[in-house]
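Structure record follows, encoded as structure tokens.
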Amino acid sequence: MSSPSLSSDGCALAVLLPAEVAFGLVFAAVLALNGHVWGAAVWLGGMATAALASAVFFFRDGFAVTGGGQLLAALFFLAVALGYR
């Protein structure tokens with residue numbers, strides 16, 4: 001299988017990552033504002049796990065830029081989740 005072009009890789013990153021981060025943070029904020037701070041931390045931990053898993057799959061399929069973005073998203077979600085403690 002040939003590696004994907006850099007433009008398709010960047011397009012996947014530009015579309016996927018902002019939507020994923022926005023959804024994760026908005027849902028965590030809704031949980032936190034309703035008094036479920038631990039629920040928000042657990043939700044963000046789950047989002048970090050999902051982002052890490054998708055980073056592995058993107059790297060394996062040759063999408064290095066999107067995989068790197070997913071890895072950064074996983075670290076971001078983990079940092080925000082640990083900030084809720």
Return one number: the angle in degrees, 0 to 90 and rounded to the nearest 10, between the long axis of the Cα atoms of helix 37-60 and the longest principal axis of the Cα atoms of the chain. 10 degrees
How much area per residue is accessible in the chain when the probe is 1.4 Å and only protein heavy atoms are counted (Å²)? 61 Å²
Matching label for the computed Cα extents along the principal axes in Å, out of (1) 30, 26, 20; (2) 82, 23, 15; (3) 49, 18, 15, is (3)
Tell me the carbon and sulfur percent of the accessible area for the chain, rounded to whole percent, probe radius 1.4 Å. 76 percent
So how tilted is helix 6-33 from the main axis of the chain? Cα-based, degrees 0 to 90, rounded to 10. 10 degrees
Just to confirm the number: angle between the C-alpha axis of helix 64-83 and the first principal axis of the chain, 0 to 90 degrees, nearest 10? 10 degrees
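The values are calculated or read from the model by the stated rules, or taken from the named source; none is laboratory data. Computed from a prediction, not measured in an experiment: that's the story for all the values here. When the accessible area is computed, the model is the full protein with side chains, heavy atoms only, and any ligands, DNA or RNA have been set aside. Shrake-Rupley method; radii C 1.70, N 1.55, O 1.52, S 1.80 Å.
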